[in-house]
Amino acid sequence: MTEIALLLLAGIWAGAQNAIAGGGSFITLPALIAVGLDPKLANITSTIALFPGQITTGIAGRSLVAGAERLSFRALAIIAFAGGIGGAFLLIGTPAAVFAAMVPWLVLAATAVFAWGAFGPKRAAATAPPPAWVTVLTQGVIGLYGGFFGGGAGIMTLASLTLARMPVKNAAGTKNVLVALSNLSAAAVFALSGAVAWRQALFLGIGAIVGGALGARALKVLPDRVLKIGVVAIGLTLTVGLFWRG
């Protein structure tokens, strides 16, 4: 019962955090390791458990979904889905130690980019958004990363979309759908591989669905400034935690 309670609570927390900013896997990974899974199995199981909650979160916040400037949402969705498949195969066939060592730096960089875009000095004449190919490349790398490891992919997606001139609330809602698509394709690959702890994934997934629905509702009513501060705070907390764990 203690294990079930831990996984349910971790799932609720992770689901809500994913809906608002991202980084829910940094809650689920320690929880799964705490109940006896090795890190790689925990990572795969976390992806399987979180994607149903991310799907419901994306549906709940679908009114916020938008395309980036110079790039349609359909194109972003295809990139995310394909990236998740590639990342999943990469994880199955490759040791994760080297890439995992890069994760704190990636999350820190994404948080810094988002914070600069949200709170940095504003020019009288706004600069042009990046070319479409830059957004395509960035989202492709994030999709690949999401399928391979996933931690902080939401914050990275937020940074990319806000740089492409998407308002922060729309970026948060669109991020939820893109991350869900990336994790959906990765989860399908993992499920077929058989390397999943299904019992733990079930309880974690139930909690993530509940937390995702609560987080999606909060996303619609939170003021933009509160949302921006929350994203940066979560990103910095995740970075500190990752460096400490490393």
Looking only at segment 162-185, and only at residues there that are at pLDDT 90 or above and surrounded by 24 or more Cβ atoms within 10 Å (Cβ to Cβ), the one that is nearest to Trp116 (Cα to Cα): Thr174
Yes/no for Val107 being in contact (Cβ under 8 Å) with a residue 60 or more places away in the chain and surrounded by 17 or more Cβ atoms within 10 Å (Cβ to Cβ): yes
Only one of Ala66, Ala49 that is on the phi < 0 side of the Ramachandran plot, surrounded by 24 or more Cβ atoms within 10 Å (Cβ to Cβ), of a type in the set (A, V, I, L, M, F, W, C) and modelled with pLDDT of 85 or more: Ala49
Residue within segment 203-220 that is free of Cβ contacts under 8 Å to residues at least 24 places away in the same chain, over 28 Å from Leu144 (Cβ atoms) and among the basic types (Lys, Arg) present: no
Single unsatisfied condition, Arg165 versus (1) farther than 19 Å from Ile92 by Cβ; (2) in contact with a Phe, Trp or Tyr (Cβ under 9 Å, 6 or more places away or on another chain); (3) assigned to a loop (DSSP other than H, G, I, E, B); (4) of a type outside the set (A, V, I, L, M, F, W, C): (2)
Residue tally, condition touching a residue at least 24 places away in the same chain (Cβ under 8 Å) and either basic (Lys, Arg) or within 12 Å of Gly87 (Cβ to Cβ) (or both), over segment 189-199: 2
Residue count for segment 175-202, restricted to those that are assigned to a loop (DSSP other than H, G, I, E, B) and either aliphatic (A, V, I, L, M) or at negative phi (or both): 3
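Would you point out which residue out of Ala101, Ala82, Ala110 is modelled with pLDDT of 85 or more, outside any loop (DSSP other than H, G, I, E, B) and under 25 Å from Ile48 (Cβ atoms)? Break it down into steps so the answer makes sense when it comes.
Working: Ala101 fails: modelled with pLDDT of 85 or more; Ala110 fails: modelled with pLDDT of 85 or more.
The match here is Ala82.
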Matching entry among Thr135, Thr157 (being modelled with pLDDT under 90, crowded, with 18+ Cβ neighbours inside 10 Å and over 20 Å from Leu50 (Cβ atoms)): Thr135
Subset tally (residues that are farther than 12 Å from Gly173 by Cβ and of a type outside the set (Gly, Ala, Ser)) for segment 55-71: 5
Residue list for segment 199-246, filter: small (Gly, Ala, Ser) and more than 15 Å from Gly24 (Cα to Cα): Ala218, Gly246
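Residues that are more than 25 Å from Leu106 (Cα to Cα), at least 2 per element: which helices (runs of 4 or more DSSP H) completely within segment 1-73 meet that?
Numbers: elements: 2-20, 25-34, 39-60.
Result: 2-20, 39-60.
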Any hit, segment 5-26, residues being more than 25 Å from Thr135 (Cβ to Cβ), free of Cβ contacts under 8 Å to residues at least 12 places away in the same chain and out of contact with any Cys (no Cβ under 6 Å at 6 or more places or on another chain): yes
Tally of residues being more than 10 Å from the chain's Cα centre (by Cα), of a type in the set (Gly, Ala, Ser), more than 10 Å from Gly84 (Cα to Cα) and in a helix (DSSP H, G or I) across segment 125-154: 1
Filter result (among the small types (Gly, Ala, Ser) and buried (at least 24 other Cβ atoms within 10 Å of the Cβ)) within segment 188-204: Ala201
Evaluation of Ala16 against (1) more than 24 Å from Thr239 (Cα to Cα); (2) crowded, with 17+ Cβ neighbours inside 10 Å; (3) among the hydrophobic types (A, V, I, L, M, F, W, C) (one fails), failing number: (1)
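The values are calculated or read from the model by the stated rules, or taken from the named source; none is laboratory data. The structure presented is a predicted model; accordingly, all values stated were derived computationally and were not measured. Virtual Cβ from ideal backbone geometry, glycine too; neighbours counted across all protein chains shown.
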